[in-house]
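Structure record follows, encoded as structure tokens.
Bear in mind these aren't lab numbers, they're just calculated from the coordinates by the rules spelled out. Treat the numbers as computed from the prediction; the structure is a model and nothing was measured. Heads up, the Cβs are rebuilt from the backbone with ideal geometry, glycines too, and the neighbour counts pull from every protein chain shown.
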């Protein structure tokens, strides 16, 4: 489910449209996790080091395509909720503490199998 803001300022749960959800093959999952393990990736979509860019590049999708960005964002959210990815806080290039994403220990074992 996806949360959207209603006009009265409250959140409402809506089912995702077909374009927002997609299936990935196990080989694609492995390549995405390898890309995410290679460098520290930011959680913030506005960052030039956003984790979604690693996902888009691994899948061969366009960084500028809004729908592809939504797919990457939803994949990140799903993997955060199921424990494949974990959030941690660390210093950014400007030495400010920012949220980053990394592959969780349980999912790292899938990379070497």
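By DSSP, what percent of the beta bridges with both residues in segment 29-111 are antiparallel, rounded to the nearest 5?
90 percent
If R0 equals 22 Å, the separation of the Cβ atoms of residue 73 and residue 95 corresponds to a calculated FRET efficiency of about 0.25. Residue exposure proxy: 81, 37, 47, ordered by other Cβ atoms within 10 angstrom of their Cβ from fewest to most, comes out as 81, 37, 47. Sorting 49, 82 from the fewest to the most surrounding beta carbons within 10 angstrom yields 82, 49. Using the Cα gyration tensor of segment 29-111, with a ≥ b ≥ c the square roots of its eigenvalues, what is the shape: rounded (a/c below 1.5), prolate (a/b larger than b/c) or oblate (neither)? The shape class here is oblate.
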